[in-house]
Structure formats: C-alpha cells, structure tokens
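Taking it in order: structure first as structure tokens, then the write-up.
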Amino acid sequence: MTETLTLRTELEEDRFSRLRLIPWWDQAKIQSARVLVIGAGALGNEILKNLALLGFLNIVIVDLDSIETSNLSRSVLFRASDVGSAKADAAARGYRNLLPEANVLPLAANVMQDCGLGLFAWADLIIAGLDNREARLWINRAAWKVGRPWIDDAIEGINGVARVFLPNQPPCYECTLGETDWAILNRRMSCNLLLHEAQPQGRVPTTPTISSVIAGIQVQELVKVLHGLPTLAGKGYVFEGLQHTSYVTQYTENPDCMSHASLENIVELSECSGEIS
C-alpha cells in the first residue's frame, strides 16, 4: 500500500504525468529531441508555447524581425515591453518562463542568408511559422538535403493549413507549387508590409485563434513524427474557420522537382563561413 501511495504521489507531482498516461507517449524522447523553430511571429509563438508545455528542452529559434505593437494581439509570448526587441530573443525569454530548464538559443537571423546546413543537420525536427514562399522553399531544400522532416503552415484570415514533409518521401513542399506560386515566389510578404499590401493582395490580418488551431495541429504532427506514428506526410490539413469545416488534401509528386537532392556527407568547419570568406 505504501509503495502504491508513493508511486501515485510521484505521478501527481510530475509535471508531465498526464502526458505519460498516453500509451505510446515517450517523455524522454521529447526531452532529448532537438527542434529548430523557424519564425517567431503569431504562429511561431503558438508553436513554441506548445513545445514548452510538452517539455521539449532543446530549441533553436530563428527569426529576422523585430516586435511591433501590432504583434502583441497575436503573440502569447510577447509583452508590451518587448516592442522593438528581436522576436527570436523575446520568444526565447517567453519559452524559458514556461520551461526554465530548457536550452533555448535565439538567432535574430535570416534563415536563407545566415543559417547553413549544419543548423538543419543539428535538428531532429524542423517546424516553421512563415509568411512567404521563398523561405519555405529554402527550408524545404535544406531539410531534404540533410534528411530531416519539417512541418509547414500557412494562415490567412481565419483559415489555415498545416502540412508535413518527410525526407526522401515525396511529395515535398516544392511539389505543391503551381504557376501562381512560382510567379510570386520572390515577393517577400513581411508582417510590416501587410498594412500596405493587404488590399492589393486580397489578404487580411490574421487572428490569434487561427494561429492557435494551426500551430496546435503542427506540434501534434511533430510529436507523431518523433514517435514514428502515421502523420500528414505529403498531405495538408485545411481548416476553414467561417464554417468550421476541415479536410485533408493529398499532394502530388512532381517528377521534375528540383528539391529532391540529398547529400551523403556534410563537412563541418571549425570556423563560420563569414570568418573565412
């Protein structure tokens, strides 16, 4: 009886005890996983919040932008005092507030210009909260080269999509691109341009509710990938908020896709490329 009470007390005191009740759940696997989070805006905030609550201890956050006042209505980790700060830095502080024992590295950087394949190879899992196709394409090619799964998203208004791409298992993100996507691929849709481009682009600002829905699906898929469970690989989960309808769409492999290239070996340098070029 004493042993039973002791075990029950330990489970009740364990922060992650409810998660451990899931038959296939492996908290040790979650705590040892290395996750690269690209984008620390509205979606990135929700992604990071979920990762922290689940107990992911090893996180790198990459985001180029700084916090604006308008970000505060859609970003759970940011505070008014963070306005003007780098999103990556503020998101890292928020993550540590939720999970003090976490190892979090913020990088206020452009993922396409400042992050090499070594960073992608470091990660076990890559998850993104992005606002432009160009960055997605870059990440897609990098993830494929180093053999890492990545989870993508997109939101607009109160609608959104979450999708999973696994290495060497097409279709990949590039396979999903159509003529319209390629026509606007290089058009950078940064948050600070939304006000000026919302009408010409037919877009509207997003809400924290859709960010929460889509990021929740993303992190759930990340957990499933980590545990080797069936996922949305090569598919997209589409949520339409107006009527609360959702469906899964299957993407098709493009036999001419240029992203399907992998590298046998990645040579690690003792110095950063900027120091030797």
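Since every read-out is calculated from the coordinates, none of them should be taken as a lab result. Being a predicted model, the structure only gives us computed values, none of them experimental. Cβ: placed from backbone, ideal geometry, glycine included. Neighbour counts: every protein chain shown.
How would HIS244, HIS260, HIS227 line up from fewest to most surrounding beta-carbon atoms within 10 angstrom?
HIS244, HIS227, HIS260
Residues in segment 172-177 carry Karplus couplings, in order, of 10, 4, 4, 4, 7, 6 Hz; the curve used is 6.51 cos²θ - 1.76 cosθ + 1.60 with θ = phi - 60°, and Gly or Pro positions show x. Ranked by how many other Cβ atoms sit within 10 Å of their own Cβ, fewest first, the residues MET258, MET112 fall in the order MET258, MET112.
Please tell me the relative contact order of segment 24-276 in percent, rounded to the nearest whole number, where contacts are Cα pairs under 8 Å and at least six residues apart.
The value is 20 percent.
Gain on full extension, evaluated as 0.36 nm per residue between GLU240 and ASN168 minus their Cα-Cα distance, stands at 22.9 nm. Counting neighbouring Cβ atoms within 10 Å and putting the fewest first, the residues LYS145, LYS87 line up as LYS145, LYS87.
For ASN103, the shell of other residues with beta-carbons less than 10 Å away shows a net charge of +1, using +1 for Lys and Arg and -1 for Asp and Glu. Close amide H partners of ALA154, meaning residues 5 or more places away or on another chain with modelled amide H under 5 Å apart, are VAL161. Projecting label points 7 angstrom from Cα along Cα→Cβ for VAL248 and ASN110 puts them 3.8 nm apart.
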